[in-house]
1. Show me the ranking of peptides 114-125, 47-58 by mean Cβ neighbours inside 10 Å, starting with the highest.
2. Report the FRET efficiency, 1/(1 + (r/R0)^6), for residue 27 and residue 239, where r is their Cβ-Cβ distance and R0 is 25 Å, rounded to 0.05.
3. What order do you get for 224-231, 140-147 when each peptide is scored by the mean count of other beta carbon atoms within 10 Å, highest first?
4. What whole-number distance in Å separates the alpha-carbon centres of the range 208-234 and the range 105-180?
5. Given H placed on each backbone N at 1.01 Å, which residues far from residue 152 in sequence or on other chains put an amide H within less than 5 Å of it?
6. Highest first, please rank the peptides 68-79, 181-192 by the mean number of other Cβ atoms sitting within 10 Å of their residues.
7. How far apart, in nanometres, would the label points at residue 228 and residue 56 be if each is projected 7 angstrom from Cα along the Cα-to-Cβ direction?
8. Run the simple label-point estimate for residue 179 and residue 103 please: 7 Å along Cα→C-beta, distance reported in nm.
Amino acid sequence: MVVSTISPSPVLTQDDLKKLAAYKAVDYVESGMVLGLGTGSTAYYAVNRIGELLKQGKLNNIIGIPTSKRTEEQALSLGIPLSDLDTHPVLDLAIDGADEVDAYLNLVKGRGGSLLREKMVEGACRKFVVIVDESKMVKSLGGSGLAMPVEVVPFCWNFTATRLQNLFREAGCVVKLRVADGGGKPYLTDNANYIVDLYFKGDIGDLKVASDEITRLAGVVEHGMFIDMATTVIIAGECGVTVKNK
């Protein structure tokens, strides 16, 4: 793994760090590329920057593949030409944020609700650049104590949630249905599915084994572990911008 660091200006907010990482990631973009456009508060800055460079004429012939309806709307508002995986089954590069990153560049994604489309798009890329601030770095996935999202079909979702919780009983797993803003109704993904969030008190063990066990459960659509997918992670922190390459 190759690591390099760039020092920033002092006294940066978390949003400043996100923007710093996003702008660094856009340096990887070249004219003529087909790009996966990520979703979330950090990816937002990268998509904006791509739009700016297109408008300035510093980039041209870019095609974007959005990972959510929200990103699609943002990209269209910026004049970024869009397409889909049916037309472009192989992408040059994707840029997206992450909720957790471990030392091996494995990720947790999907707390923003777009994990299925993100995994489809970013799994089709030659290079996948992940942008985070240093608060997202963890010793092990699930180790932050925050949500590990799993997208499930609405049919008998509680049955699926119970099976997921039992699967990771030894890790102290608690499963909660994600609700929409305002509460009451379940949160709906762009694919009209539900999300159940897994919270772990202990280590979930071998990630590939855990991944296989989750995806084998009928009713599960996709989970938020992105294993061996990132090729580069850009981490912005108080001490600078660190670039980690596989």
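Here, each number is a calculation from the coordinates, and none is a lab measurement. Note that this is a predicted model, so its numbers are computed, not measured. Using ideal geometry, Cβ is built from the backbone for each residue, glycine included, and neighbour counts are taken over all protein chains shown.
1. Working: 114-125: 22.7, 47-58: 16.4.
Final packing ranking: 114-125, 47-58.
2. Details: r = 20 Å, r/R0 = 0.79.
FRET efficiency, residue 27 to residue 239: 0.80.
3. Numbers: 224-231: 21.4, 140-147: 18.4.
Most protected by this proxy first, the peptides run 224-231, 140-147.
4. Comparing the Cα centres of the range 208-234 and the range 105-180, I get a distance of 8 Å.
5. 194, 195, 196, 221
6. Values: 68-79: 16.9, 181-192: 11.7.
Top of the packing list down: 68-79, 181-192.
7. Spacing of the two 7 Å Cα→Cβ label points: 3.9 nm.
8. A separation of 4.0 nm, rounded to one decimal place.
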